[in-house]
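Before any comments, here is the structure.
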Amino acid sequence: MVSAILTMMIDCFATSFYKRSHFSKSLPVVNYRNEEMSGGHEGHVHVHTHATHGSAFVAEDSAQSDLFRHRVVSQVLELGIVVHSVIIGISLGASQSAKTIKPLVAALTFHQFFEGMGLGGCISQAKFKSRAIVVMVLFFSFTTPAGIGIGIGISRVYNENSSTALIMEGILNSASAGILIYMALVDLIAADFMNPRMQSKFKLQIGANFALLLGSGCMSLLAIWA
C-alpha cells in the first residue's frame, strides 16, 4: 500500500514537472498593444486568426501532454519491473534444488514475457529517442540475468530462510508489487477501460472484464510454483 501511494506521488510530481517545463518553453506570447492599435476590418481578421492559432495550440498541447504522460508511465513501470526482476533473479540464482529451479524458470519465463509486452507497448507510445529505447530495453533484458549472477555469487553464504533475508525479500517484493499494481490499474487498464470505444460497446466491456479476470487468475496460479 505504501509503495502504491509513493508511486502515485512520483507519478503526479513527474507529470506536473514535465507539463511545467513544457508550458514555460512553448507558452505563446500575445502582443496586446498591437491588437489594441489595429482597428476596423483588420482587427476583425486578426481576432479570427488568433482563434485559429489558439485552437491549434490547444490540440498540440493536448497531444504533447499525452506524450509526456506515456513517458512517465513507461519509466515508472520499468522501475517496478527492474526491482522485481532483480529479486526474482537473486532467488533463482541462490536456489540449490533442481526441484525449485525448474518450475521457477518456467514461471519466470511466462511472467517476464507478459511484462515485456506491457513495457514494450508503453515505450512505443512514449516515442522515445532511439538511444533511450535501447537503454530501457537493455535494463529490462539484463536485470534478471544480473540478479541470477548475484544469487549464484552469494549462494554459499546466502540463507534464504534466515530472518534478515526473508525481511529484505518481503520488503522489496512488496515495493515492486505496489508499483506494478498501481501502474497496471491506474495507468494501463483504466486508460483502456475508460476509452470511448470501450464505453460505447457493452459486449466489448464484458469481454475485456472477463479477459482481465482470466488473466489475473492465470497469473495467480504461478504462485503455486514461484
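Here, each number is a calculation from the coordinates, and none is a lab measurement. Everything quoted here is computed from the prediction, not taken from an experiment. Methodologically, a virtual Cβ is constructed for each residue, glycine included, from the backbone with ideal geometry; neighbour enumeration extends over all protein chains shown.
Couple of notes before you dig in:
- At the listed q of 0.13 Å⁻¹, the Debye profile of region 78-191, built from one uniform point per Cα, gives log10 I(q)/I(0) equal to -0.55.
- Each label point was placed 7 Å from the Cα along the Cα-to-Cβ direction; for ALA184 and ILE171 their separation is 2.4 nm.
- Each peptide in 83-96, 189-202, 137-150 receives the mean, over its residues, of other Cβ atoms within 10 Å, and ordering these scores from highest gives 83-96, 137-150, 189-202.
- Values of log10 I(q)/I(0), in the order q = 0.15, 0.17 Å⁻¹, for region 170-217 under a Debye, Cα-only, solvent-free model: -0.49, -0.59
- Diagonalising the gyration tensor over the Cα atoms of region 80-137 and scaling each eigenvalue by 5 before taking the square root yields semi-axes of 29, 12, 7 Å, largest first.
- Normalised by 2.2 N^0.38 Å, where N is the number of residues, the C-alpha radius of gyration of region 124-226 stands at 1.49.
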